[in-house]
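Nothing in this text is a laboratory measurement; each read-out follows from the coordinates by a stated rule. If you're wondering where the values come from, they're calculated on a predicted model, not measured in any experiment. As a convention, Cβ positions derive from the backbone with ideal geometry for all residues, glycine included, and neighbour counts pool all protein chains shown.
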């Protein structure tokens, strides 16, 4: 990534955090300097937590999954209402606070007021018929669905497939099976 791209992403991130202000589902901006944004200190990424659970052959508790899913959805609804499209949503840029609540973070490269984002979601969360250069609510819902699938299973959708295979599967309307996924409140 060039210095110009990094500076442009940082500039967009500054603008986005200024516009978003404080929201319980968004990582709080504490301050900024020319080359950095200073955010509240949180535990770690949701992906880190999912990897820990997978290593212990466990899954998130149903109440945790439901709470975090609502927090992520509320965060997305809020940023959309403020002219921001996240573009790159994943368990790697959702942070957990000290009470294990989910907060959206890392807005560098996001779309502001319809600008073209400079980042794209993982191929595991990209539908080939939805534009990554012009994110929409539909493309963000697809990415959100992929994040929720990973949160439920601790694995990305088709984690064992390469980018070309993913594009072919998603393009053909083939998705990972979800029949065995549990409903909130039921026991696994």
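Take the Cα atoms of segment 3-171, build their convex hull, and give its volume per residue in Å³.
In segment 3-171, the Cα hull volume divided by residue count equals 119 Å³.
Residues of segment 22-41 with the amide nitrogen closer than 20 Å to a label point 7 Å from the Cα of residue 115, along Cα-to-Cβ, please.
Output list for this probe position: 22, 27-39.
Just subtract the alpha-carbon distance of residue 22 and residue 51 from 0.36 nm times their residue separation and send over the number in nm, one decimal.
7.5 nm
Rounded to the nearest 10 degrees, what's the angle between the helix 3-20 long axis and the longest principal axis of the chain, both from Cα atoms, 0 to 90?
80
Quick one: check the C-alpha center-to-center distance for segment 45-59 versus segment 149-179, whole angstrom.
Spelled out, the Cα-based centre of one part sits 19 Å from the other.
Is it possible to state the helix-based mean residue ellipticity at 222 nm for the chain, with each DSSP H run of 4+ residues giving -39500 (n - 2.57), the sum divided by total residues, to the nearest 500 deg cm²/dmol? What is it?
-13000 deg cm²/dmol
From the Cα gyration tensor of segment 97-188, with a ≥ b ≥ c the square roots of its eigenvalues, which class applies: rounded if a/c is under 1.5, or else prolate if a/b is larger than b/c, or else oblate?
Here segment 97-188 falls in the oblate category.
Under 10 Å, Cα contacts only: if you run a Gaussian network model on the chain, which one of 130, 96, 50 comes out with the highest mean-square fluctuation?
Greatest mean-square fluctuation among the candidates belongs to 130.
Using 0.36 nm per residue of separation minus the Cα-Cα distance, give me the extension gain between residue 159 and residue 178 in nm, one decimal.
Additional length available on full extension: 5.4 nm.
Neighbour counts of other C-beta atoms within 10 Å: give me 81, 146 arranged from fewest to most.
Numbers: 81 9, 146 25.
Fewest to most other Cβ atoms nearby, the residues stand as 81, 146.
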